[in-house]
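Here is the structure we will look at.
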Amino acid sequence: FDADAIGPVLHLRSRQPGDRLVPWGWTQPARLKFLVTASALPPERRRQALVLTLPAGEILWVPGVRRAALAGIGPSTRHTIRLDISWT
């Protein structure tokens, strides 16, 4: 992710009804419920899907499912941040 586009604060929460994001490579928003259902996650992980958001509430990433088009790395990127989440 482009660290300068994200800012210093991120929020991690569970998914909520009506969540939407514009996935990386897409131009239109998609319902998170559709993306989670279409993912390769097992059903128990789908129910536990976490959402990483910016302070304004925009969804940045759903680990194991999809990342949003927000904060993509490009030619003007000066600082990057790598985020990893693992389930045990």
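Within the range 14-32, residues that are closer than 15 Å to L54 by Cα and among the hydroxyl-bearing types (S, T, Y) have Cβ atoms under 8 Å from residues that are open to solvent by 70 Å² or more (accessible area, probe 1.4 Å) and at pLDDT below 95 in these pairs: S14/Q48, counting only partners at least 6 apart in sequence or on another chain.
Condition check ((1) touching a residue at least 60 places away in the same chain (Cβ under 8 Å); (2) part of a helix (DSSP H, G or I); (3) more than 12 Å from the chain's Cα centre (by Cα); (4) surrounded by fewer than 17 Cβ atoms within 10 Å (Cβ to Cβ)) across all residues:
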| position | (1), (2), (3), (4) |
| --- | --- |
| L41 | no, no, yes, no |
| G57 | no, no, no, yes |
| A71 | yes, no, no, no |
| S86 | no, no, yes, yes |
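Of all residues in the range 54-65, those being at pLDDT below 95 and either more than 16 Å from R13 (Cβ to Cβ) or of a type in the set (V, I, T) (or both) number 2.
Candidates in the range 73-84 are the residues that are open to solvent by less than 80 Å² (accessible area, probe 1.4 Å) and not β-branched (V, I, T); of these, the one that is nearest to the chain's Cα centre (by Cα) is L83. Please work out which one of (1) among the charged types (D, E, K, R); (2) open to solvent by 60 Å² or more (accessible area, probe 1.4 Å); (3) under 12 Å from the mean Cα position of the chain (by Cα) is the condition R45 fails and give its number. Here R45 meets the rest and fails (3). The set of residues in the range 10-37 that are of a type in the set (A, V, I, L, M) and open to solvent by 70 Å² or more (accessible area, probe 1.4 Å) contains only L12. All told, A5 meets the bar of being in a helix (DSSP H, G or I) and surrounded by 15 or more Cβ atoms within 10 Å (Cβ to Cβ). Quick check on the range 34-47. Is at least one of its residues of a type outside the set (A, V, I, L, M, F, W, C) and touching a strand residue (DSSP E or B) at 6+ places or on another chain (Cβ under 6 Å)? Taking every residue of the range 34-47 in turn, none turns out to be of a type outside the set (A, V, I, L, M, F, W, C) and touching a strand residue (DSSP E or B) at 6+ places or on another chain (Cβ under 6 Å).
The values are calculated or read from the model by the stated rules, or taken from the named source; none is laboratory data. Just so it is clear, the structure is predicted and the values come from calculations on it, not from any experiment. Virtual Cβ from ideal backbone geometry, glycine too; neighbours counted across all protein chains shown. Accessible surface areas use protein heavy atoms only, side chains included; no ligands, DNA or RNA. Shrake-Rupley method; radii C 1.70, N 1.55, O 1.52, S 1.80 Å.
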